[in-house]
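Trainee: So that we are looking at the same thing, I have put the structure below in structure tokens.
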Amino acid sequence: MTIGWPDLHMSMFLRPLRPHPSACTGLAFLVLALGLALSSSRADDQPSRPDLTDKDRARVAKVTAPTTAFDEAEAFEAMAGGAGTSRHSPNADAFSQFCENITFAEEQDFKLGNALFRKLWVSSPSSTQASDGLGPLFNARACQSCHLKDGRGHPPEADRDATSMFLRLARPARTAEEQARLDALDIVSFPDPVYGAQLQDQAVPGLAAEGRMVISYEERRVVLAGGKTVSLRKPQYSVSDLAYGPLDPQTTLSPRIANPMTGLGLIEAIAPQDIRSHADPDDKDADGISGRAARARDHRTGEFVLGRFGWKAQNGSVRDQSASAFAGDIGISTPDTARHWGDCTTLQTACTSLPAGAQPRLGDTEAPDPVLALVTFYAENLAPPIRRDVSSPDVLRGKQLFYQSGCIACHTPKYVTRRDAGNKAQAFQLIWPYSDFLLHDMGDGLADGQRVGDASGQEWRTPPLWGIGLTQTVSGHNFFLHDGRARNLTEAILWHGGEAQKARDAFAAQAPDDRKALITFLESL
């Protein structure tokens, strides 16, 4: 039986939200209260959710309002993914569990999708025809190669390879017509004319890979309150061993590590009205935060939808994200993205002259349905892990500091998903992703100079934080941000700029024990 959050002791959710004397005092409490009031007025400008009754809306508003009491954990705060939260042990497989409220029949689809997610594709022609079609140019042979154990990718370090990280290639619009195509989202970016949308560092036998990513780092020291010195590494990117001539002089390089896979279906089940309610593109409330909702085009219908997946929110659904990864990363065509030669361009004739892997008896593409559908179902139903130590005094103190520092202006703590979500397992769940899923200007330090869809060269989507404390356990590293430049959570915070500058500065100005408490809170997520 699927259990939604209304069935889980609703009286606990509807306890009056009251300020606690120890929670926020003086000016800090006034600022927080003012911020919540402004946020509420911003939400009033948005259309209400059609999936909710008036009674539902009142209940949802009360449950999702940011707390002002930090003396104890909130009701069901440990259940990051609602009733689907994984209670699995916090070990290396913590991100690979299915949502606990899917049906027994759906467990079979999840396991089939997992097998396809791990499947190694091979070059054409092959005797294993259902696995034909790799590349011919590619970055990985399987989804699992980048999302190892469904976790976070990493930059190449020491003996680590670059499989879970690649360089996105794009150039600016050159004419008014090209700019109009970008503005209309007819294209999300203009690829390099020879090398395409991303640098492919692997190739099938007999074909040369496009080139190799080169990274160098410059260390920069930052002194925090209390005298602690932190070294931040600023990366520089270039390419070597280019096999097909030079890059276009205007092509820019943007590194991307693979995002963790947890809770994607729940993110898709968040009502678009709830995400848009946090947007303030003109900063009307003058708080310095001007998040923008991204548009995306549905791959099947071509219609505009809310962008919520990818580093620049360029995809609107888990299926679209999956189809894009099949084509761009592995070179596999799907019913939604029928590019048999992946990211090969028309100028790469050595690539496009090689055989494709589509088998007419199986379908028109190399990964026909149900392959794409099963991989999508798998991705949609990977469960967020249960929180740890939510009632610990250090965690509660860190949570209070996280709120007071202004972090929740972008990292929105919680939502209640749509009643009419496509899968009942994701419907009407109280979830805690800690993200507004909007585009924010993160300053010059993190800028990549690349426009993707509606996102400018300084904008990034706020990533969800659930599971972030298990990164080392699952992925074997603690590299964060879009390119893994941050080697721990402290460095990740200190790289925040632009709209996040005030929150970053508040963290840097905290006493050492307070900074430690805030990090302890993040490690509990």
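The values are calculated or read from the model by the stated rules, or taken from the named source; none is laboratory data. Everything quoted here is computed from the prediction, not taken from an experiment. Accessible surface is based on the protein model in full, side chains and every heavy atom, while ligands, DNA and RNA are left aside. Shrake-Rupley method; radii C 1.70, N 1.55, O 1.52, S 1.80 Å.
Trainee: Quick one: compute a quarter of the convex hull surface over the Cα atoms of the stretch 88-131 and quote it in nm².
Mentor: The number I arrive at for the stretch 88-131 is 4.3 nm².
Trainee: Accessible area, 1.4 Å probe, largest first: how do Thr334, Thr473 sort?
Mentor: Thr473, Thr334
Trainee: Sticking with this structure for a sec: Taking Rh as the Kirkwood radius, which is the inverse of the mean 1/r over Cα pairs, what is the Rg/Rh value for the stretch 473-525?
Mentor: Dividing the radius of gyration by the Kirkwood radius yields 0.98.
Trainee: Follow-up. Tell me, rounded to the nearest percent, the portion of alpha carbon pairs in the stretch 328-402 spaced more than 20 Å apart.
Mentor: Counting pairs separated by more than 20 Å, the tail of P(r) holds 55 percent.
Trainee: Would you mind calculating the relative contact order of the chain from Cα pairs under 8 angstrom and at least 6 residues apart, reporting the percent as a whole number?
Mentor: So the answer I get is 22 percent.
Trainee: Mind ranking Asp513, Asp248 by accessible surface for me, highest first, 1.4 Å probe?
Mentor: Sorted by accessible area, descending: Asp513, Asp248.
Trainee: Give, to the nearest whole percent, the P(r) tail of the stretch 125-268 beyond 24 angstrom, counting all Cα pairs.
Mentor: Roughly 50 percent, rounded to a whole number.
Trainee: Using the scaling law 2.2 N^0.38 Å as the reference, what is the normalised Cα Rg of the stretch 374-525?
Mentor: Ratio of Rg to 2.2 N^0.38 Å for the stretch 374-525: 1.10.
Trainee: Measuring from centroid to centroid over Cα atoms, what is the spacing of the stretch 454-472 and the stretch 486-516 in Å?
Mentor: What the calculation gives is 15 Å, centre to centre.
Trainee: Here's a follow-up. Please work out the ratio of the alpha-carbon Rg of the chain to 2.2 N^0.38 Å and round it to two decimals.
Mentor: 0.96
Trainee: Quick one: give the max-minus-min coordinate of the C-alpha atoms of the stretch 46-115 along each principal axis, largest first, in Å.
Mentor: The principal-axis extents, from largest down, are 42, 35, 20 Å.
Trainee: Using θ = phi - 60° and the Karplus relation 6.51 cos²θ - 1.76 cosθ + 1.60, list the HN-Hα couplings for the stretch 187-197 in order, rounded to whole Hz, with x at every Gly or Pro.
Mentor: Once θ is set to phi - 60°, the couplings for the stretch 187-197 become 8, 7, 6, 9, x, 4, x, 9, 8, x, 8 Hz.
Trainee: Using a 1.4 angstrom probe on the protein heavy atoms only, line up Asp56, Asp186 by accessible area, largest first.
Mentor: I get Asp186, Asp56, largest accessible area first.
Trainee: Among the lysines, which fall within straight-line cross-link reach of Lys111, defined as a Cα-Cα distance under 27 Å, with same-chain neighbours fewer than 8 residues apart omitted?
Mentor: Of all the lysines, those that pass the test against Lys111 - Cα under 27 Å, at least 8 places apart if same chain - are Lys119, Lys149, Lys424.
Trainee: Once you have a ≥ b ≥ c as the square roots of the Cα gyration tensor eigenvalues for the stretch 274-365, tell me rounded if a/c is under 1.5, and otherwise prolate or oblate according to whether a/b is larger than b/c.
Mentor: Prolate is the answer for the stretch 274-365, as a/c is 1.5 or above and a/b outweighs b/c.
Trainee: In whole angstrom, and with the biggest value first, how far do the Cα coordinates of the stretch 237-285 range along each principal axis?
Mentor: Result, largest extent first: 47, 32, 15 Å.
Trainee: To continue, here is another question. On the full set of protein chains, 1.4 Å probe, figure out the accessible area of Leu525 and give it in Å² to the nearest 10.
Mentor: 10 Å²
Trainee: Measuring from centroid to centroid over Cα atoms, what is the spacing of the stretch 185-204 and the stretch 91-152 in Å?
Mentor: What the calculation gives is 23 Å, centre to centre.
Trainee: Per DSSP H run of n ≥ 4, the term is -39500 (n - 2.57); total these for the chain, divide by its residue number, and report the mean residue ellipticity at 222 nm rounded to 500 deg cm²/dmol.
Mentor: Taking each H run of at least 4 residues, the total per residue is -7000 deg cm²/dmol.
Trainee: By a straight-distance test (C-alpha under 20 Å), which lysines pair with Lys502 as possible cross-link partners, with residues fewer than eight away in the same chain excluded?
Mentor: The qualifying lysines are Lys228, Lys284, Lys399, Lys516.
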